[in-house]
Amino acid sequence: MTRKRKRLIIVLAILVVGVTVAWAMMSHGQDRSVVQTGKVERVGKLDSVVSASGEIRAKDFVDLQTEIPGVIIDLPVKEGDTVTQGQVLLRIDPFQAKQDVASAQATYDAATADESSAQVQISIGEATAARDEYSVTAAISDLTQAESNRDYLKAQFERKRKLRDEELISTDDFDLTNSTMLMAEGKVLSAKAHVDQAKADRDLARVTIDQWRKQHEAAARRSAVARANLERMQDLLAKTTITSPLGGVITKLNVSKGERAVPGIQSNPEATLMTIADLSTIDAEMKVDETDIINVALDDRCEVTVDALPDVKLKGFVTEIGNSPIGDVGQLLGNNQSQDQSKDFKVVVRIEDPPPSLRPGLSASAEIYVDHRDDALVIPLQAVTIREVEVDADGKYVVPDLAAMDLAKQAGAGAGAEAAAADASAAPKDEKKEVPKKELEGIFFREGERVRFRPVKLGIKGESDVEVLEGITEGDEIVTGSYRVLRVLADGDFVDVQNGEGLGLRMGGPGKGSGTP
């Protein structure tokens, strides 16, 4: 090859490279994105805030209801009155309750009399049994005496029979002895009969005692039932006069004198006669979204705003955190639609130094300060984005080479893209390597006319800013908008910066304006 031809080839190669570079620059110039930027800065303090809404309620309150029906004959209070514990609030006509008490008293007296009568019968039976036991003892003693006398006469009879056989005594004398012995035998039989009768009387007395004892036990139980019924009626009579269970203010009065009070359940508003609340301690019952509830802790300080007092900021702190979603869990899990719905949890905030104008039921909102940082490095929340990027075996971000990225873009735009793809597909499978990728949170920072993606480690989130723990330093210029551009911005893109005034972004960048042509 001649020297002239070599020079021509070198010149042509330089021309091709120059044209390619010029084309790439023109191509990038046409695809430049318009962005807004700002400087990473430090703030004196950063608060992580959870917003919630709910209503004001008294810590201690009670909905008064009646347990007996009746006409209200006395109502000495009105709504808004301050009452003390034990003060009479309402009286219901007691006539029916008094009659029920009188009837129960009579039943109880009769049952008590039956119990006393049974006790007397037991005492009589025990006395009779004791007498019969003595009779048995006396009868046995008589039997013993009769048997002893019979044995004596029988022995005498045997001796006289021998004397008669020897004709030493007369026949009349012998017959008299025989007759006396037979009479003794009769007395023994009679004594035995008396013993049996005395024992039978004693056993009957014992059975009678057991019977009266059972009757006494039954009478005692009837008396206990009658007493319980009497106490219940007396309790109902006492409940015709309703007193205040706590000191406070009557915040709601649903009845008037002459109306009929009707017993009911708590969920029935018609059954509630009045509501009394202790307004010395006021709470705000808030609903917190399930995504925020894990950040809320007891004693977190809060700032509560009441809709009726928009210019007053009330201080408070968290005293209670619900463990279950608000509402019926069974209903929440009853269908797939309920499972997909967002759930709220109850958080109770204690109001410090509540103003006298505060009333239960007022709508309120709260800012719960769940975390705090001093001297925090922050960026706007909208500057944070997520990209799927290449990572190494340890899961760490692999920073791509700009030159390689540009060559890849040029190759993709040239006519050789199809050939390159064909060669890649024709390559052996063992030569193909899958590059691991992972979604990482990060920001885009400005590097000359281009932007680069950089993963960051975030800390607590404020209302519009987020703390950055790792990845950037104070003073770095990062892309802060617009959202439409940030959504599609890629690592290495060429950008034009438009930080005009009035765009509304913190940190020197614009805010709501998209800035896209």
Distance between Cα centroids, the range 189-228 to the range 25-94: provide it in whole Å.
-> 73 Å
Per the Cauchy relation, a quarter of the hull surface: what is the mean projected area of the convex hull of the alpha carbons in the range 95-238, in nm²?
-> 10.4 nm²
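For ASP175 and HIS372 in the same chain, what is the full-extension length gain: residue separation times 0.36 nm, less their Cα-Cα distance, in nm?
57.6 nm
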Please order ASP311, ASP196, ASP283 by the number of other Cβ within 10 Å, starting at the fewest.
-> ASP311, ASP196, ASP283
For THR66, distant residues with modelled amide H under 5 Å away | GLY264, LEU273
All other residues with a Cβ under 12 Å from the Cβ of ASN229 taken together, and with Lys, Arg as +1 and Asp, Glu as -1, what is their net charge?
-> 0
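What full-extension length gain, to one decimal in nm, is calculated for SER363 and ARG487 as 0.36 nm per residue of separation minus the Cα-Cα distance?
My answer for the length gained is 40.9 nm.
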Which of the aspartates and glutamates could a cross-linker span from LYS78 if the Cα-Cα distance has to be under 17 Å and same-chain partners fewer than 8 positions apart are dropped?
-> ASP63, GLU259, ASP278
Arranged by the count of other C-beta atoms within 10 angstrom, fewest first, what order do TYR369, TYR108 take?
-> TYR369, TYR108
Given a cut-off of 20 Å, name the pairs among LYS45/LYS287; LYS59/LYS343; LYS39/LYS461 whose C-alpha atoms lie farther apart than that in the structure shown.
-> LYS45/LYS287; LYS59/LYS343
How many nm is it between the label spots at GLU447 and SER464, if each spot is 7 Å from the Cα in line with the beta carbon?
-> 3.0 nm
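Give me the net charge of LEU204's neighbourhood, meaning all other residues with Cβ under 14 Å from the Cβ of LEU204; Lys, Arg count +1, Asp, Glu -1.
Residues near LEU204 contribute -3 overall.
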Cβ-derived FRET efficiency at R0 45 Å, THR473 paired with ASP307, nearest 0.05 = 0.55
Determine, for the range 95-238, the count of lysine pairs separated by eight or more sequence positions (or lying on different chains) whose alpha-carbon distance falls under 29 Å.
-> 9
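Taking the number of other C-beta atoms within 10 Å as the exposure measure, put VAL43, VAL488, VAL35 in order starting with the fewest.
Fewest-to-most ranking of VAL43, VAL488, VAL35: VAL488, VAL43, VAL35.
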What aspartates and glutamates could a cross-link reach from LYS438, if we take a straight Cα to Cα line under 16 Å and drop same-chain neighbours fewer than 8 places away?
-> GLU388, GLU390, ASP392, ASP394, ASP491
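Values in this text are rule-based calculations from the coordinates and carry no lab data. Nothing here was measured: the structure is a model prediction, and the numbers come from that model. We place every Cβ from the backbone using ideal geometry, glycine too, and count neighbours over all the protein chains shown.
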